[in-house]
1. What are the pairs with Cβ atoms under 8 angstrom where one residue, in the range 460-473, is more than 13 Å from Asp332 (Cα to Cα) and the other, located anywhere, is of a type in the set (S, T, N, Q) and surrounded by 17 or more Cβ atoms within 10 Å (Cβ to Cβ)? Sequence gap at least six, or different chains.
2. Within the range 142-171, can you find the residues that are among the aliphatic types (A, V, I, L, M), in contact (Cβ under 8 Å) with a residue 24 or more places away in the chain and farther than 19 Å from Leu116 by Cα?
3. Being within 16 Å of the ligand (Cβ to nearest atom), in contact (Cβ under 8 Å) with a residue 12 or more places away in the chain and of a type in the set (Ser, Thr, Tyr) narrows it down to one of Ser244, Ser206, so name that one.
4. Any residue at all in the range 66-87 that is within 25 Å of Arg169 (Cβ to Cβ), within 16 Å of the ligand (Cβ to nearest atom) and either of a type in the set (D, E, K, R) or surrounded by fewer than 18 Cβ atoms within 10 Å (Cβ to Cβ) (or both)?
5. Which residue out of Gly18, Gly38, Gly42, Gly74 is modelled with pLDDT of 95 or more and in contact with a helix residue (DSSP H, G or I) (Cβ under 8 Å, 6 or more places away or on another chain)?
6. Looking at (1) within 19 Å of the chain's Cα centre (by Cα); (2) buried (at least 18 other Cβ atoms within 10 Å of the Cβ); (3) more than 16 Å from the ligand (Cβ to nearest atom), can you tell me which one Cys230 breaks?
7. Is it the case, given these coordinates, that Leu23 is part of a loop (DSSP other than H, G, I, E, B) and buried (at least 22 other Cβ atoms within 10 Å of the Cβ)?
Amino acid sequence: MPSHRIVLTVAADQPGPGISRHLFGQFAEHLGSCVYDGLWVGPDSPIPNVRGFRQEAVAALRELRMPNLRWPGGCFADAYHWRNGIGPRDQRPRQRNDTWGQIETNAFGTHEFLDLCAQTGCEPVICGNLGSGTVQEMRDWVEYLNAPTGTVLADERAANGHPAPYGVRYWGVGNESWGCGGLMRAEYYADEFRRYGTYLGSYEKSALFRIATGPGLDDFHWTEVLMRECAAPRFNPGIMDGLSLHYYMNGGCPPARTQQHLLATSFGPEQWRTVMAHGWYMDELIARHSAIMDRHDPARRVKLIVDEWGAWYAPDPAPRPSAYFQQQTIRDALLSALTFDAFIRHAERVHMANAAQVANVLHASILTFGAATVRTPTWHAFHLYVPHQDARRLPVANSAALLSHDGLPYPRVSATASLAPDQSVTVTLAHTDPAEPVRIELQLAGRPAGARPVGRLLTAPELTDCNTPAAPDRVAARPWDDFRFESGRLTATLPPACLAAVTFR
Ligand code: AHR
């Protein structure tokens with residue numbers, strides 16, 4: 001019998017705020033092999049593709065119901081000039097990608113990005129260039145994308161193959177403007193945001209949702225200034241719709257603050273706990289930035305957009321196939337689950353989030369090896385959370401005591417429950433103990449008897465296992481029915497280090 005027993009009570013008749021599907025978004029930057037070779041192989045590639053996009057990658061993202069994709073960066077966004085990526089592909093300039101030091105062919109540009117969004121069925125999120133661009137350049141891009149034909153820019157779009165306006169809504173105004181996006185002070189950026197925001201047009205059916213560069217990690221001063229200066233300026237109170245937040249788990253958050261040399265697939269119990277604790281720090285971070293936002297915007301009109309998050313490991317001794325490529329293990333699946341749970345706990349304020357990055361870079365859902373496409377444990381975590389998309393959060397009473405590491409708390413079992421529009425209830429359980437099983441008793445309260453649970457379980461034979469072309473499903477979710485369910489109470493033993501999802505219909 002496991003030495004730990006946890007009682008969870010879900011109030012199924014008390015639906016709370018909506019859980020935006022956009023919390024489960026992804027991010028693709030012109031970095032390493034995320035875009036080129038990862039998502040985009042080109043129409044002439046022997047790798048099966050549709051108009052240049054790797055078919056298996058598109059299928060995997062469709063299965064995730066990926067709600068949105070952010071592009072073209074990241075730091076690259078503030079060096080990107082959109083006109084280089086339109087028109088006949090063979091005439092586009094070949095350049096140096098100054099941000100990441102690789103060659104940029106511009107084969108993947110605006111139309112390709114929007115085709116990828118159409119193929120995967122997601123909404124585009126474009127991050128405009130504030131760092132090295134101009135107001136004119138950014139507003140022209142919006143017109144090119146969204147204006148009906150009849151203007152020079154919209155007619156150029158039509159001549160390039162897309163007469164109908166694209167209707168892009170989500171728009172970032174620069175990226176990390178405190179760092180790679182221009183090393184600006186919050187006060188200076190706030191004025192820049194107001195200036196750029198003023199000239200970015202909204203078109204019929206695509207009112208622009210303007211996202212300001214937000215803080216990195218715990219720069220609360222940045223949040224304070226942006227909320228004070230941009231949440232409601234006198235002449236355009238609605239100019240800022242979203243404020244971004246970037247947080248990468250690298251073992252370097254407060255109070256320790258020194259980035260630790262964490263490796264992706266080589267770790268012991270100490271590094272396991274570091275990832276859990278520093279991952280769960282997302283919850284505190286959102287709470288503290290939200291408290292500042294609440295003071296300036298009690299109605300919560302301005303949304304928090306966590307448009308970069310994920311684990312960022314130090315390079316393994318083995319050479320990487322491409323820059324920032326890292327493998328994923330069950331540890332990353334659990335980090336993903338803790339992060340989703342933090343977003344959902346703050347669903348009143350957090351509207352969108354983007355894992356960095358979707359393929360072959362950092363916290364990737366997809367890894368490609370030549371012609372092979374592999375779904376990572378993180379892909380499986382995203383997949384288990386699909387039922388929470390656009391559902392309503394349900395209260396969960398959790399008897400589990402918090403664990404602690406590096407002075408940071410984290411849950412032994414993190415539980416999230418939601419009520420879907422079809423009235424099904426889904427509970428996800430992230431069990432963070434890597435060594436011991438745990439006994440759970442899950443009571444579904446306020447629900448007529450007769451519900452039937454269907455479960456899936458993600459676990460790994462070994463904690464450091466990962467998926468490869470030779471063993472693509474080594475760490476994969478499988479059907480799970482090793483539980484008892486009587487009178488609305490589910491009892492089970494969860495194995496160490498696992499993620500379970502149970503849907504009651
Ligand atoms: O995701 C990699 C980089 O991390 C992004 O380009 C930048 O915004 C962040 O610092």
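1. Final answer for the pair search is Asp473/Asn467.
2. Step one: of the range 142-171, the residues among the aliphatic types (A, V, I, L, M) are 142, 145, 147, 152-154, 158-159, 164, 168.
Going one step further and asking which of them are in contact (Cβ under 8 Å) with a residue 24 or more places away in the chain, we end up with 142, 145, 147, 168.
Passing the criteria: only Ala147.
3. Details: Ser206 fails: within 16 Å of the ligand (Cβ to nearest atom).
On inspection, the qualifying residue turns out to be Ser244.
4. The answer is yes, given that some residue of the range 66-87 is within 25 Å of Arg169 (Cβ to Cβ), within 16 Å of the ligand (Cβ to nearest atom) and either of a type in the set (D, E, K, R) or surrounded by fewer than 18 Cβ atoms within 10 Å (Cβ to Cβ) (or both).
5. On the way: Gly18 fails: in contact with a helix residue (DSSP H, G or I) (Cβ under 8 Å, 6 or more places away or on another chain); Gly42 fails: in contact with a helix residue (DSSP H, G or I) (Cβ under 8 Å, 6 or more places away or on another chain); Gly74 fails: in contact with a helix residue (DSSP H, G or I) (Cβ under 8 Å, 6 or more places away or on another chain).
Sole residue among the options that is modelled with pLDDT of 95 or more and in contact with a helix residue (DSSP H, G or I) (Cβ under 8 Å, 6 or more places away or on another chain): Gly38.
6. (1)
7. Working: part of a loop (DSSP other than H, G, I, E, B): no; buried (at least 22 other Cβ atoms within 10 Å of the Cβ): yes.
It is false that Leu23 is part of a loop (DSSP other than H, G, I, E, B) and buried (at least 22 other Cβ atoms within 10 Å of the Cβ).
Residues are listed down the side, and each one gets a yes or a no for (1) without any contact (Cβ under 8 Å) to a residue 40 or more places away in the chain; (2) more than 16 Å from the ligand (Cβ to nearest atom); (3) out of contact with any Phe, Trp or Tyr (no Cβ under 7 Å at 6 or more places or on another chain):
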{"site": "Ile211", "(1), (2), (3)": "no, no, no"}
{"site": "Phe220", "(1), (2), (3)": "no, yes, yes"}
{"site": "Leu226", "(1), (2), (3)": "no, yes, yes"}
{"site": "Pro237", "(1), (2), (3)": "yes, yes, yes"}
{"site": "Cys253", "(1), (2), (3)": "no, no, no"}
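The values are calculated or read from the model by the stated rules, or taken from the named source; none is laboratory data. These numbers come from a predicted model, not from an experiment. Glycine also receives a Cβ, built like all others from the backbone with ideal geometry; neighbour counts cover every protein chain displayed.
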